[in-house]
Structures are given as structure tokens and as C-alpha cells.
Amino acid sequence: VSIFPEILRKLEMISSMPLVRLRTQNQTEAMAMFLRHEADIVITYLPQDMPETPFDDSVVKHIWRRDALVPVVGGRLRYALNEDMTLQSGTPVLRYPEGSQFARLVQLGERSANLHLTGKIAVETAFSVGVAKLILSGVGAGWVPHSLIQEEIRSGDAVFLSHDYGRIPLDIAVYVHRSNQTAVDALQRLVDMSVSIS
């Protein structure tokens, strides 16, 4: 969600706009569709310190951007933090469902963190955009990709929690099948354009 509008704008600049059908799914389902050649391009989050996705050389991978899963509060809760930017006892939290990619990442990340989001669960959802909106509404504290909430952090509508909760580095990766020449060419033009603009 955070980079798709950017990719669309760049596609419009380099060629006539193709028909785009955007499908949002959890990573496992999206990768399964991709492997069945039911999707031309897959954009996904990858943890930086975990094993590579097990694709052979028939798949082209490009790291579009670095990101991170970060613990954040917003709404009225941003005014109820302790001085050290930790949560007060009893602060509600937002959680990703057990078994989801982000739930697994948060669980792994919390192993090395000094503090955890342990309050009463206000909402459980796999929809990270929804988590960001709920955080901004003050429903609870939660983990969300930085790219989804960076503008609100800049404006002060959302606040990073203490580094004691940790940060989970992510890559935003783009995959195409090498056999799909149209997708390979589009990705190469996007990469070339990004390099020349940066």
C-alpha cells in the first residue's frame, strides 16, 4: 500500500498505463498466486534478518526500499505515555492474528526486546493499513510498517514508542517471473527510473 501509488505513477511516466488489478492478501496466499502465474508482480515485506524466499533463478527479485515494523501510539494515547516513551500499564494494544507474517515477526522481534506490548487486546486484524488507522484513532498501541505511518509521525499525530520495545527491519521486495518479459521489462524500467531520479 505504501509504495504501490509510487510504482503506478512511475509506470504512467514510462509507458501507457496497463490494466492493473490490485489484490491484497497475506504473504503466503500472494506467493502461491504468483507461483501459479496468476499474478504478474508481487510486492511484499521481507524480514531483513531471515532466510531468503526459496525461489530459483526463474524469479527476479528487486529490493524496492527498506522499511521497518515499529511500535507506535496515536490519538489520545500519545498523551498518556510515560516520560521514557513507554506505555502506561493497561494501555490497550492491537495485535496481528497468530500465524500471520507480522505476528510471527513481532514474536521474533520481541525475543530480543526489553519491553513488549502486553495490554488488553483491543482489536486483532491482519490488515496493517487498518492497524495504522486504529493507532491514529487512539484505539491501541501497535506494530505497523513505518512507511504506512511516517507522515503521521512527522506531524506528531503518531509517536514512536521507546526503543526498548525494539524495531524490526524489513525490505519491500518486488518479484516477477523471468519468463514474463513484459513484467521484467516494466520492473527494469522502474528500477532505472528510480536510480536516475534518486
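The values are calculated or read from the model by the stated rules, or taken from the named source; none is laboratory data. In this text, all values refer to a predicted model and were calculated from it rather than measured experimentally. Cβ coordinates were reconstructed from backbone atoms using ideal geometry, including for glycine residues, and neighbour counts include every protein chain displayed.
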- Task: Please name all residue pairs, on different chains or six or more residues apart, with Cβ atoms under 7 Å, provided the first residue is in the range 182-198 and is surrounded by 11 or more Cβ atoms within 10 Å (Cβ to Cβ) and assigned to a helix (DSSP H, G or I) and the second residue is among the charged types (D, E, K, R) and at pLDDT below 80.
- Result: LEU190/LYS10; MET193/LYS10
- Message: ILE63 - would you say it is assigned to a helix (DSSP H, G or I) and of a type in the set (A, V, I, L, M, F, W, C)?
- Response: no
- State which residue is modelled with the lowest pLDDT when the search covers only the range 33-90 and only residues that are closer than 30 Å to SER137 by Cα and charged (D, E, K, R). ARG65
